[in-house]
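These notes are about the structure you will find just below.
The values are calculated or read from the model by the stated rules, or taken from the named source; none is laboratory data. This is a predicted model, so every value here is computed, not measured. Methodologically, a virtual Cβ is constructed for each residue, glycine included, from the backbone with ideal geometry; neighbour enumeration extends over all protein chains shown. All accessible areas refer to the heavy atoms of the entire protein, side chains included, with ligands and DNA or RNA removed. Shrake-Rupley method; radii C 1.70, N 1.55, O 1.52, S 1.80 Å.
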Amino acid sequence: MDKEIIIIGAGIGGLTTALALKQINKPVSVYESTSDIKPVGAGIVMANNAMQIFDKLGVRKKIEAAGCKISNIRITDAQLNNISVINLKPFELKYGVYNLAIHRADLQKILAEALGLQNINLAKRLLKIEEDNNFKLYFEDGTTANCETLIGADGINSVVRNQLFKTGKIRDSKQRCWRGIMTIDETFKYKDTSIESWGKGKRFGFVKISETKLYWFAVINKGLEEAISLVELFKEFHPDILKIIEATAKEDIIYNEIADLEPITQWYKSKACLLGDAAHATTPNMGQGACQAVEDAYTLATLFQQEKSIEAIFSQFEQIRIKKAHFIVNTSWSLGKVAQYENAFAIFLRNIFLKMLPNFFKKRQLNKVFNIDYITERAYKNS
């Protein structure tokens, strides 16, 4: 019988990995630092690549029922005049799934229930790892656990990475972000569309995550946050944007600083492996952070079906995934800088360039993000 695999972290990456491994009959347990799978957090977009994998794992329909379809992406100026519009319907037809916006907590709950709550150990904050032939894990509550195979899905500040790999530089983007959720009704006019409005050193985005809820985010460059309120900070934006901010209760707004993990080249060591934000945390500018963790999960499960050693599986996982993950990290970092220009002339040139960008180029770039065929092609190429 296979020995139990321990995953640290019950975020989207950890839960999806555990679910994928469980479905190929690998014994797996998840250890999570929080005491409950609570309805916290904000909205999240699960793009076409992640939805293809959720379809393979049998949870796509539940996720679709809990979220809202996105068929168009609009980048606009501060007054909601279009700069660039991307129609996602060709990708819906090509891959048979669609981009979806959902409350992060709803997605986490669906994954946890599909995995089985009995496989998730809560209130287990990892403090220390001892490494011999196996791993001995020490938790804050005084308990311990032993495993031969360890997967760190514990985020950008990963304890697994910090202790076993001793690497990882967290980069401050010098951008500050507020995320909010508000109630809407049937009169809300922006449907099936993700909108991102670009101003001068500021951005505001919003998308429906259910029939009654809207998720929004507001990003500013560091040094511009002196305004008394968000409404004052975004006063030059379209009235609909100001109404969204005003209609959101303060307790439904989360503030954080945007950061990523400078690309690292080592994701595994012996029988320990990193995935998701622990390996390649990215800024949210492409909406691909959680989606890339889902691709990690699918890749690992594909490799675990082969008759290979754990070290060989983790080595091939790194080889298959590192190029795309680093492409996402680097492109998202650059996109965040371009979107936050403060110079009026640079903004003018950027907007002209985006308006002139041909559709075939946009589609080619998105197909590079959405395509997951490379995973099985490369996984079985050397099997």
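Points worth noting:
- Sequence of Leu117, Leu274 when ordered by accessible area, the most exposed leading, probe 1.4 angstrom: Leu117, Leu274
- Overall Cα dimensions of region 72-116, principal axis frame, Å, largest first: 46, 28, 6
- In Å², nearest 10: area of Tyr98 left accessible to a 1.4 Å probe: 50
- Alpha-carbon centroid distance for the pair region 82-122 / region 304-383, whole angstrom: 18
- Region 213-285-region 1-75 distance, computed between alpha-carbon centres (Å): 21
- Linear extension gain, Glu4 paired with Leu349, 0.36 nm per residue minus alpha-carbon span: 118.7 nm
- Cross-linked pairs Lys61/Lys169; Lys62/Lys136; Lys191/Lys363; Lys308/Lys363; Lys26/Lys62; Lys191/Lys362: Cα-Cα separations exceed 30 Å for Lys61/Lys169; Lys62/Lys136; Lys308/Lys363.
- Computed from phi, the 3J(HN,Hα) profile of region 320-326 under the Karplus parametrisation 6.51, -1.76, 1.60 (θ = phi - 60°) reads 6, 9, 5, 5, 5, 4, 5 Hz, with x in place of Gly and Pro.
- Among the GluC sites (Glu not before Pro) within region 203-253, those in coil by DSSP and having at most 15 neighbouring Cβ atoms inside 10 Å are Glu211, Glu225, Glu226, Glu236.
- Annotation: amide H-H contacts under 5 Å for Ile209 (H modelled 1.01 Å from N, sequence separation of 5 or more, or interchain): Leu214, Tyr215.
- Of Lys56/Lys166; Lys269/Lys368; Lys56/Lys323; Lys166/Lys324; Lys94/Lys269; Lys3/Lys124, pairs whose Cα-Cα distance is over 31 Å: Lys56/Lys166; Lys94/Lys269
- Computed from the alpha carbon atoms alone, the convex hull of the chain holds 138 Å³ per residue.
- Counting only residues at least eight positions apart within a chain, or on another chain, the lysines with an alpha carbon under 16 Å from that of Lys337 are Lys174, Lys200, Lys202, Lys222.
- Whichever aspartates and glutamates have a C-alpha closer than 18 Å to that of Lys213, once near sequence neighbours (fewer than 8 apart) are set aside: Glu64, Asp106, Asp185, Glu186, Asp192, Glu196, Asp240, Glu246, Glu251, Asp252
- With all protein chains modelled, accessible area of Lys362 [1.4 Å, Å²]: 30
- With all protein chains modelled, accessible area of Trp178 [1.4 Å, Å²]: 50
- Tilt relative to the chain, helix 344-356 - C-alpha long axis, 0 to 90 degrees, to 10: 70
- Relative contact order [Cα under 8 Å, 6+ residues apart], the chain, whole percent: 21
- Residues Glu148, Glu130 ordered from highest to lowest accessible area at a 1.4 Å probe: Glu130, Glu148.
- Surface composition of the chain: carbon plus sulfur atoms contribute 51% of the solvent-accessible area (1.4 Å probe, protein chains only, all chains present).
- Note on region 228-383: the alpha carbon radius of gyration divided by the globular reference 2.2 N^0.38 Å gives 1.34.
- In order along region 211-220, the phi-based Karplus estimate (6.51 cos²θ - 1.76 cosθ + 1.60, θ = phi - 60°) of 3J(HN,Hα) comes to 5, 10, 10, 10, 9, 9, 9, 10, 10, 9 Hz; Gly and Pro are listed as x.
- Pairwise Cα inverse-distance average, inverted: Kirkwood Rh of region 182-242 (Å): 12.6
- Antiparallel DSSP beta bridges within the chain, percent to nearest 5: 75
- Spacing of the modelled spin labels on Tyr255 and Asn72, each 7 Å from Cα toward Cβ, amounts to 3.5 nm.
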